[in-house]
Amino acid sequence: MIRPLDMSKRTRLVFLFSTAPVVAFILVGGFLGQAVAREDAYRHLRIFEDVVSLIAENYVEDANLDEVMTGALRGLTAGLDTDSTYLSPEDVTRIEQGMTPQEGGIGVEVTSQYYTQIISIRDGSAAHRAGLRPGDYIRAINDAPTRRLSVTDSLYRLRGEPGSTVRLSLLRGNTTEPYDIELTRELLDGAEVTSRMLSSDIGYLRVAHFSSGVSEQIQRTVTQLEEQGATQLMIDVRSNGGGSFDEGIAAARLFVASGPLLRRAETENEQVTIEATGGSSIIDTPLILLSDYGTAHGAELFAASLVGSGRADSVGQRTAGRVSLQKLIKLPNGGGLWLSWARYLQASGTPLHRSGIDPTIAVDVPLPELGEPKPPGDPILERALEYLQTKAEVAEDRRVAQLVRAPA
């Protein structure tokens, strides 16, 4: 027997049907700007309305229509990229207010891939010391399952007062049993650019995060390394996944004298070419990049610019493929849409967002079980050193051969 809807359910349904067309129109109609797409959106909305009515009238228990609505609105964005999502009113408030500088964290950037997934990990952070890695899944935060959490909500739960603790339930690889760990939140103020000499002529530059001013730090640090005798550079942008796109491009312009670096696509037919700016201060020292699955955002644009222009080879693993720009579109209920409105491509036009960049030399890195110590050594750095040594030997053989062939 079909029961009549009570007034609270009717109120929620009215609200749902007033909000959902706005979302669908933006996603399928207004966002794409095509009449056919708008008509298709309204066809699906009729099905959507029927489904919600059937749930409200026939589900064995009293359905929580607030949760049904939230799940449905998030479902509308589920077919887009992982950076696009429906935001609750609380999420919108958090984005508009931002996180205060006093808030502590565990040092991770995350996205949503069914569960909350770690993109990158800051050097020296609690997550780094605990052995967490890009690609690990956070199944629960303080016993709250992340399957229904937005990225904003997950970040909010991960952060808190420095010195407080957060309990994580983690999955890695093909494991089915979660690994539980408790980490202490702390202020994240580690150095963003560090360096050392790996040998008498190889300078190593670690860029941990592309925040404001990092390009200037890179330029100063390269000068210091060259003064110490560096004739080759190794730039490490592994697990660098939360920085500024503009800063990554500014850093790439330090090393590329001319030509296109990237493209930014705002629609399928509208693309902007981002060029190197040249100048007299270009760094022309031979270099190699280290990348991995945690190389994203500004670091990924930096890597794509240098590799795509032929300025550098890369050693390691494929990058994350997370190079889209988002904007907030507010909705009548106080919630909003966090939508990717532009994405970057390689200068050649090859997709970069979602695809990433394959390294020149791929390195297989052992993945220990959660809770086990990290294996000794650094396979990616060691392989890069071998590659540089081989290149140096080849160059020396060519030089000797030219001397032998030269007339007396």
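The values are calculated or read from the model by the stated rules, or taken from the named source; none is laboratory data. All values reported here derive from a predicted model rather than from experimental measurement. Cβ: placed from backbone, ideal geometry, glycine included. Neighbour counts: every protein chain shown. Each accessible area value is taken on the protein alone, full model and side chains, heavy atoms only, with ligands, DNA and RNA left out. Shrake-Rupley method; radii C 1.70, N 1.55, O 1.52, S 1.80 Å.
Stokes-Einstein at 4 °C, 1.567 mPa s, Kirkwood radius from Cα pairs: D for the chain in µm² s⁻¹? Intermediate values should be presented prior to the final figure.
Working: Rh = 23.8 Å.
D, rounded to a whole number, is 54 µm²/s.
What is the ratio of the Cα radius of gyration of segment 92-142 to 2.2 N^0.38 Å, with N the residue count, to two decimals?
The reported ratio for this selection is 1.24.
Choose one answer from 157, 398, 167: the residue with the largest mean-square fluctuation in a GNM of the chain with alpha-carbon springs under 10 Å.
The residue with the greatest mean-square fluctuation here is 398.
If contacts are Cα pairs under 8 angstrom and at least 6 residues apart, what is the relative contact order of the chain in percent?
Working: 781 pairs, mean separation 52.0, N = 408.
Worked out over the chain, it gives 13 percent.
What whole-number value in Å² describes the accessible area per residue of segment 90-226 for a 1.4 Å probe?
On the way: 6690 Å² over 137 residues.
For segment 90-226, the solvent-accessible area averages 49 Å² per residue.
Counting each DSSP H run of 4 or more residues in the chain as -39500 (n - 2.57), what helix-only mean residue ellipticity at 222 nm follows after dividing by all residues, to the nearest 500 deg cm²/dmol?
Values: 10 runs with 137 residues, N = 408.
Calculated mean residue ellipticity at 222 nm is -11000 deg cm²/dmol.
How big is Rg to Rh over segment 179-293, alpha-carbon atoms, Rh as the Kirkwood inverse-mean-distance radius?
1.04
Under a 10 Å cutoff between Cα atoms, tell me which one of 118, 55, 288 has the largest fluctuation in the Gaussian network model of the chain.
55
For the full complex of protein chains and a 1.4 angstrom probe, list 123, 284 by accessible area with the highest value first.
Values: 123 65, 284 125 Å².
Largest accessible area first, the list is 284, 123.
What accessible area, in Å² to the nearest ten, does a 1.4 Å probe give for residue 361?
Residue 361 has an accessible surface of roughly 30 Å² with all protein chains in place.
How long is the gain from residue 50 to residue 191 if the chain were fully straight, where each residue apart is worth 0.36 nm and the alpha carbon distance is subtracted?
45.2 nm
Given a 1.4 Å probe and the protein chains all in place, what does the accessible area of residue 199 round to, in Å² to the nearest 10?
Using a 1.4 Å probe on the heavy atoms, I get roughly 50 Å².
Protein chains only, probe 1.4 Å: how do 122, 220, 185 rank by accessible area, largest first? List each step's numbers first, then the result.
Values: 122 50, 220 140, 185 20 Å².
Putting 122, 220, 185 in descending order of accessible area: 220, 122, 185.
How do 137, 59, 387 stack up against each other in accessible area, from largest to smallest, with a 1.4 angstrom probe?
The most accessible residue leads, giving 59, 137, 387.
Taking a ≥ b ≥ c as the square roots of the eigenvalues of the Cα gyration tensor of segment 143-187, is the shape rounded (a/c under 1.5), prolate (a/b larger than b/c) or oblate?
Numbers: a/c = 2.62, a/b = 1.41, b/c = 1.85.
It comes out oblate by the Cα gyration axes.
What ranking, highest mean first, results for peptides 86-96, 311-321 when packing means the other Cβ atoms within 10 Å averaged over each residue?
Put in order of decreasing packing, that is 311-321, 86-96.
Springs between alpha-carbon pairs under 10 angstrom, Gaussian network model over the chain: which of 136, 153, 364 fluctuates most?
Result for the chain, Cα springs under 10 Å: 364 fluctuates most.
How much accessible area does residue 61 have with a 1.4 Å probe, in Å² rounded to the nearest 10?
Per-residue accessible area (residue 61): approximately 120 Å².
Please report how far the C-alpha centroid of segment 189-220 lies from that of segment 232-295, rounded to the nearest whole angstrom.
The two parts, judged by their Cα centres, are 15 Å apart.
Taking all protein chains as present, what is the carbon and sulfur share of the accessible area of the chain, in % to the nearest whole number, probe 1.4 Å?
Result for the chain: 50 percent of the exposed heavy-atom area is carbon or sulfur.
Only bridges with both residues in segment 212-366 count here: give the DSSP antiparallel percent, nearest 5.
For segment 212-366, the DSSP antiparallel bridge percentage is about 60.
When DSSP assigns beta bridges and you keep just the ones with both residues in the chain, what percent turn out antiparallel, to the nearest 5? Present the calculation step by step, with values, prior to reporting the outcome.
On the way: 48 of 64 bridges.
Looking only at bridges with both residues in the chain, the antiparallel portion is about 75 percent.
Once the convex hull of the alpha carbons of segment 136-245 is built, what does its volume come to per residue, in cubic angstrom?
Convex hull volume per residue, Cα atoms: 154 Å³.
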